[in-house]
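These notes concern the structure reproduced below.
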Ligand SMILES: Cc1cc2nc3c(=O)[nH]c(=O)nc-3n(C[C@H](O)[C@H](O)[C@H](O)COP(=O)(O)OP(=O)(O)OC[C@H]3O[C@@H](n4cnc5c(N)ncnc54)[C@H](O)[C@@H]3O)c2cc1C
Ligand code: SF4
Ligand code: SF4
Ligand code: FES
């Protein structure tokens, strides 16, 4: 066997965002030796970007809140295709996980009596999001990082995992390279936790960073693990669209919470034009009532601008398609208008939305206290991922665990804001705990040298084709194609075309070349990431073709209604013996009577 | 379409040279966009570190026209484009390649600082009560995105290379955040004085000027820490007092 730098640990955690860090902390607390690997530096993972808050029924602000309400809200948001067991565990355990962050040094915003302050967010019945201004993710990742560095973890920053290693059925480690030197590394471990985040970089317009190339999804799939819910990709309705350089950057929902309204180019509040019957009773039918709601009037109903993310995104798309969009192909989000209603509006906006004010001022030369913003939907969050056991987070292949955005189940067809950060700590902890347990009961497996050699050769191929097409053009082509053909509104013909394009792009990827050498070579990294992007793009497309209904974030123009039968099942994806994507429909296990009753009560 | 020239440092491990690249510029572009465009269209193996492209992760630090800045938050229209825009790696850290430096020293420094140690919970359910005013003070420090631009600009590290003796402004901010954490019972004053080199800071405030998070590093973090150190170690009355009181402040 070729000599590789070799590292041996009990538990290998891949990914150092909230989920990976929490898993590493837990495994380490269980007394096993842990390695933590991430593509970027410690503390830079995507979790750092989260803004709004972390959802937990602490009941610090509204004492009517409890886990049962949080459970029901999560299931309703996910349109009942969630894993009810994960939703139950999540709702029950999130409060303890948030308090634990405080015990590790996090400083959340406070209520007047000194407890943890919680804010309102879409789909949560009571104020439930613990937060730190609009930088909650930074607080969380820094707390976990600063706690973790004293636990003796072996941290491998700027290392990228290429494949998972198997001994028979079992996952026994991983193989990757470091960015700085381009050397290959063999990580042997008794258990492996995936916490690699999302897939947004498969799309042109996204709020996600370069790391979101679906690595974990792809690693697990190629290792034979089942994925699920991959058709459910959340498009956040309000991303920046102008100037081009910031296209996709997130504009928090809180802008609308503070009274911001959506208008088309004629100044019309188009959200009033299409209110889904299911929400008609809870939605204001005139502008005046909507304004009273955001001012805190408990008798007013919420304005349609605050309907669920999937619906708002589709309405924006309709306005643009029908020629009523803004100059740069979005719609207007206007918070400046509140100056008609309140004195000192400009100061008020700056105080409530400091980072939004700053973001527009600095990056777009726009003063949001004076003029409307231009906004459009942006690819935001992958609900689907590795199919896991709800309690242990183990995947369908033994020795492999997954948590955070790359795992599936909690969010069903649509994630509620704030439920991701809580997901990371609740299930990150569980994954770490069960991975450590698994490691204690198993020994290091055998490594198949052939598997390493193939991976090494594959990774180095682009260097043999210096002068050929570079990886960036292929990446851009894929992103534009997925945006067009497997975006917010889907239909069979377009998705079949997408599959053809994916085949062509796979062939192009096989011919991509890079120049230079292996040390910190961004184009080489991009060439490698392309394989993962293509794998997840194909899986998303096939799953979306299979679900012939519209539900949550998945909207089919050719099947615009919900279908009761599809409401009883998840689409499960696995790599077939022939190497092709295989799909199956798996019934959702029956919900226990107690949980059913909770949902009934909260209807 | 307008074009602009970017004079980018190319090379490895300290060696190298500036090379000029011209590229098309469009509305609203930031320096990082130009670097990416050059990378995609002209020189694929140009090394650059970035993540969020939104000023939130602190990965893309560099020196732009000699000023330590985040590449993703520096608009081209804030720079004079008649002349080439120079982009160089940070100087205070070992060079890896092109615009990327080895910032691992920072991570090692942090491990030396005694970790958060909370007092016993205030309430029987294991929770604490904290007033927002007390939270405010440390929340300013906790905004830090670890871009290390303040470390880059501080002369104690940059010119005098006292990486062994001095932890730098970033970690003085970090220590201040721990010392002023309302729940913390740890004590880092001895370390500040003898190991972390707080005395080496001569309050030039260069660090504060470059902080992209607008943390008032010198006035709010370093000076109060210096005062605490002075109160404990150089103030004879305080010393006497502490000899008779159970716990120092
Ligand atoms: C702008 C924005 C705002 C958001 N706001 C909120 C919010 O307010 N509330 C909320 O609940 N959610 C929010 N979300 C969603 C939430 O932030 C993410 O879903 C969550 O942080 C994902 O965490 P994670 O631990 O799963 O992954 P990440 O934090 O993304 O970490 C992934 C890790 O995996 C590593 N990795 C990936 N691939 C590899 C590989 N091949 N080899 C080695 N390492 C690898 C990466 O380097 C990284 O360390 C927001 C998202 C965005 C984009
Ligand atoms: S104020 Fe102190 S820490 Fe900051 S740059 Fe000057 S010497 Fe360095
Ligand atoms: S204190 Fe400011 S300049 Fe220094 S690392 Fe933190 S954010 Fe960067
Ligand atoms: S890329 Fe994150 S701060 Fe610039």
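Here, each number is a calculation from the coordinates, and none is a lab measurement. Just so it is clear, the model here is predicted, and its values are computed rather than measured. Positions of Cβ are generated from backbone atoms using ideal geometry, with glycine treated the same way; all protein chains shown enter the neighbour counts.
Observations
- The label point for residue B:203 and the one for residue B:26, both projected 7 Å from the Cα toward the Cβ, are 5.0 nm apart.
- Averaged over the residues of A:514-524, the number of partner chain Cβ atoms lying within 10 Å of the residue Cβ comes to 6.
- Listed by Cβ neighbour count within 10 Å, with the fewest neighbours leading, A:36, A:12, B:183, B:157 appear as B:183, B:157, A:36, A:12.
- Ranked by the mean number of other Cβ atoms within 10 Å of their residues, highest first, the peptides A:516-523, A:41-48 come out as A:41-48, A:516-523.
- Between residue A:3 and residue A:346, the contour length at 0.36 nm per residue exceeds the alpha carbon distance by 117.1 nm.
- Förster radius 35 Å - calculated FRET efficiency between residue A:389 and residue A:297 (Cβ-Cβ, nearest 0.05): 0.20
- Neighbouring partner chain Cβ atoms per residue of A:47-54, average, 10 Å criterion: 2
- Here A:356, A:382 are placed in order of increasing Cβ neighbour count within 10 Å, fewest first, which gives A:356, A:382.
- Nearest-0.05 FRET efficiency for residue A:64 and residue A:321, computed from C-beta distance (R0 41 Å): 0.45
- Ordering of A:305-316, A:224-235 by packing is A:224-235, A:305-316, highest average first (other Cβ atoms within 10 Å, averaged per residue).
- Counts of other chain beta carbons within 10 angstrom of each beta carbon in peptide B:55-61 average 6.
- Overall form of the protein assembly as shown: rounded. Here a/c, set by the Cα gyration tensor axes a ≥ b ≥ c, is under 1.5.
- Among A:212, A:434, sorting on how many other beta-carbon atoms sit within 10 Å of each Cβ, with the fewest leading, yields A:434, A:212.
- Note on residue A:125 and residue A:466: with the Förster distance fixed at 56 Å, the Cβ-Cβ geometry gives a FRET efficiency of about 0.45.
- Inter-centroid distance (Cα atoms) of the range A:537-603 relative to the range A:152-227, Å: 26 Å
- Helical contribution to [θ] at 222 nm, DSSP H n ≥ 4, -39,500 (n - 2.57), averaged over chain A, rounded to 500: -11500 deg cm²/dmol
- For the range A:287-366 versus the range B:119-138, the gap between their alpha-carbon centres in whole angstrom: 35 Å
- Residue-span extension gain [residue B:233 to residue B:111] - 0.36 nm each, minus C-alpha spacing: 41.5 nm
- Once you reduce the range B:171-218 and the range A:397-440 to the center of their Cα atoms, the two points are 36 Å from each other.
- Cα gyration tensor shape of the range A:240-378, rounded if a/c is under 1.5, else prolate or oblate by comparing a/b with b/c: oblate
- Between residue B:78 and residue A:580, the modelled labels are 5.4 nm apart [label points 7 Å from Cα along Cα→Cβ].
- Fluctuation leader among B:136, B:152, B:33 - chain B, Gaussian network, Cα springs under 10 angstrom: B:136
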